[in-house]
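Student: Supplied in structure tokens, the structure appears directly below.
The values are calculated or read from the model by the stated rules, or taken from the named source; none is laboratory data. Since the structure is predicted, the reported quantities are computational estimates derived from the model, not experimental observations. Accessible surface is based on the protein model in full, side chains and every heavy atom, while ligands, DNA and RNA are left aside. Shrake-Rupley method; radii C 1.70, N 1.55, O 1.52, S 1.80 Å.
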Amino acid sequence: MYLLSRLMVKALGVVTPLIHLPKPFSFVGPGASLSMTREIIGTGARRVLVITDAALFKLGLANPVIAELQAAGVTVEVFSEVQPDPGFELVMAGVAHVGRYQPDAVIAIGGGSPIDCAKAILLCHANACHPRTLKGLWLYALPRKRTLPFYVIPTTAGTGSEVTIIAIVSDNANHTKIPIIDPKMVPSMMALDPQLMVGLPGFITAPTGMDALTHAVEACISTLATDETDALALAAAASIVKNLPIAYSNGQDLEARERLAVASCMAGLAFTRAAVGYVHAFSHQLGGIYHIPHGLINAIVLPYVLEFSKSHCTRKLAKLARAAGLGKAESSDMELSDAFIALIRKMNRDMSIPGSIQQLQRSDFPTIIDRAFSEAHGTYGVPRYLSRAQAVALLEQFLPGA
Ligand SMILES: [Fe+2]
């Protein structure tokens, strides 16, 4: 089954380790955002554009960074129109804003949406194109122009977008999301500042943290995984299962917030090389159609995809279980795999993540499956391929009342 997809993934496994993936210079710890800002000032930037979302801007999260820039005589303008799941229109509005303001540096401050939106804006601006034309994995081999100097301050620990070569943009007319992939979108510096994360409520901490865990798990079980991505993914998963419950129950815990932010980056580095899998392939379609937060769908879908895949990735799931401190010395790999999946289900329950998708309609199954297969097959190193009948059975488990 899926011979061509398997061959394409095999080819990717040969080609992608040869591609240089840039990593941003990192500032980590309380006050890291201001340390990075001083470094940006030191580069000689005189006109900075801050890209963020309206809610964060209203909360004043960007104010200390803006004040630091202005105190050094830097002119600052803010593009705060970013919405969750940014679409083509928003990206093009941002491109127009960059064209008018002509900044010499751009700082994205926020969760996955502002960071992905900023990445897409900068790549479209540099190449004078529409985001639609940037879709796809193979296109990034085409010569594209470099973006303006770009810096990122994430305010959630989840997407890992601050280190990845990918940006997800919504095609609202077609109710889908498209991946834009290009190493030129990786920022040159990033700051993981836990002080900007302590105000996050539990209902955001939980799904964003589960998104990061999904990145680590899907990278680990991917057939594209390497020794390097395994080390990153296992360390990230171990840290997330330990620190996410702490940050969820006590949002003010600076240490747990910082460890989660670092783990989210490690998971991002792992999947930017090893790719994700069916959880993301289905999550992108479900999110595009029903507008449910990305991390929430991942958290719901993850244990079911692992249950389906475990016969083909038992050894990797057992490694994840051991990294999470589960099992005994004499436990078999299958026992450990089951324990790891049970842990994910328990984390979901403890953080009030539902087990079904209320909006899901059976009539949407064909579209969801077509699009998920189109995204995953030939691109992701899924350990076990789904047939259409198995995909229908998978989706049926998310129907309300299933
Ligand atoms: Fe994700």
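Student: Taking the chain as a Gaussian network, where each spring joins two C-alpha atoms under 10 Å apart, which residue of LYS58, LYS316, LYS135 fluctuates the most?
Tutor: Of LYS58, LYS316, LYS135, the Gaussian network model singles out LYS58 as fluctuating most.
Student: What's the percent breakdown of Cα-Cα distances in the chain across 10 Å bins, shortest bin first?
Tutor: Histogram of Cα-Cα distances, whole percents per bin: 5, 24, 34, 25, 9, 2, 0.
Student: Going by amide H atoms built from the backbone, whose H comes under 5 Å of the H on ALA105, apart from near neighbours?
Tutor: HN-HN under 5 Å from ALA105: ARG47, LEU49.
Student: When averaged across all projection directions, what area in nm² does the alpha-carbon convex hull of region 153-298 cover? Working shown, then result.
Tutor: On the way: hull surface 33.1 nm².
The number I arrive at for region 153-298 is 8.3 nm².
Student: Also, I was wondering about something else. Quick check on region 232-341: take the gyration tensor over C-alpha atoms, sort the square-rooted eigenvalues as a ≥ b ≥ c, and tell me if it's rounded (a/c under 1.5), prolate or oblate. If you can, show how the numbers build up before the last one.
Tutor: Working: a/c = 1.71, a/b = 1.07, b/c = 1.60.
Oblate shape, in that a/c is at least 1.5 and b/c is the bigger or equal ratio.
Student: So, in Å, what gap is there between the alpha-carbon centers of region 333-394 and region 169-193?
Tutor: Spelled out, the Cα-based centre of one part sits 23 Å from the other.
Student: In bins 5 Å wide, starting from 0, what share of all Cα pairs of region 24-196 does each bin hold, as a percent?
Tutor: 1, 9, 20, 23, 22, 14, 7, 3, 0, 0
Student: Taking a 31 Å limit on the Cα-Cα distance, which of the listed pairs LYS10/LYS328; LYS135/LYS242; LYS10/LYS310; LYS145/LYS242 fall beyond it? Display every interim value, and only then the final one.
Tutor: Working: LYS10/LYS328 35 Å; LYS135/LYS242 36 Å; LYS10/LYS310 21 Å; LYS145/LYS242 41 Å.
In this structure, LYS10/LYS328; LYS135/LYS242; LYS145/LYS242 lie more than 31 Å apart at Cα.
Student: Could you tell me which of rounded, prolate or oblate describes region 12-88, using a ≥ b ≥ c as the square roots of the eigenvalues of the alpha-carbon gyration tensor, with rounded for a/c under 1.5 and, failing that, prolate when a/b is larger than b/c and oblate otherwise? Mind dumping the intermediate values first?
Tutor: On the way: a/c = 2.18, a/b = 1.42, b/c = 1.53.
Oblate, since a/c reaches 1.5 and b/c is not below a/b.
Student: Got a sec to turn the phi values of region 102-116 into Karplus ³J(HN,Hα) couplings, 6.51 cos²θ - 1.76 cosθ + 1.60 with θ = phi - 60°, whole Hz, x for Gly and Pro?
Tutor: Result, rounded to whole Hz: 6, x, 9, 7, 10, 10, 9, 10, x, x, x, 5, x, 5, 4.
Student: Show me, for region 355-365, the HN-Hα J-couplings you get by feeding each phi into the Karplus relation (A = 6.51, B = -1.76, C = 1.60, θ = phi - 60°), rounded to Hz, glycine and proline as x.
Tutor: Result, ordered by residue: x, 9, 10, 4, 7, 5, 10, 4, 5, 8, 3 Hz.
Student: In the chain, carbon and sulfur make up what percent of the accessible area (probe 1.4 Å)? Present the calculation step by step, with values, prior to reporting the outcome.
Tutor: Details: 9210 of 15870 Å².
Solvent-exposed carbon and sulfur of the chain make up 58 percent of the total.
Student: Classify region 104-189 as rounded, prolate or oblate, taking a ≥ b ≥ c as the square roots of the eigenvalues of its Cα gyration tensor: rounded when a/c is under 1.5, otherwise prolate if a/b is larger than b/c and oblate if not.
Tutor: Numbers: a/c = 1.67, a/b = 1.15, b/c = 1.45.
The shape class here is oblate.
Student: Connecting C-alpha atoms closer than 10 Å in a GNM of the chain, tell me which of ALA329, ALA219, ALA71 has the biggest fluctuation.
Tutor: ALA329
Student: Using the heavy atoms of the protein chains alone and a 1.4 angstrom probe, what is the accessible area of region 24-196 per residue in square angstrom?
Tutor: 38 Å²
Student: Tell me, what are the semi-axes, in whole angstrom and largest first, of the equivalent ellipsoid of region 203-396 as set by the roots of 5 times the Cα gyration tensor eigenvalues? The partial results should precede the final answer.
Tutor: Details: eigenvalues 120, 79, 49 Å².
Its equivalent ellipsoid spans semi-axes of 24, 20, 16 Å.
Student: Name the residues whose placed amide hydrogens come within less than 5 Å of the amide hydrogen of ILE178, ignoring near sequence neighbours (fewer than 5 apart) on the same chain.
Tutor: VAL169, SER170, ASP171
Student: Another question, if that's okay. Give me a comma-separated list of calculated 3J(HN,Hα) values for region 306-321, in order, Karplus coefficients 6.51, -1.76, 1.60 applied at θ = phi - 60°, integers in Hz, x for any Gly or Pro.
Tutor: Those phi angles translate into 5, 4, 5, 8, 4, 5, 9, 8, 4, 5, 5, 5, 5, 5, 4, 4 Hz.
Student: Taking region 140-207 on its own, what percent of its Cα-Cα pair distances exceed 20 Å? Display every interim value, and only then the final one.
Tutor: Working: 1032 of 2278 pairs.
So the pairs more than 20 Å apart make up 45 percent of the total in region 140-207.
Student: Would you calculate the convex hull of the Cα atoms in region 290-402 and tell me its volume per residue in Å³?
Tutor: Values: hull volume 13.3 nm³, N = 113.
It is 117 Å³ per residue.
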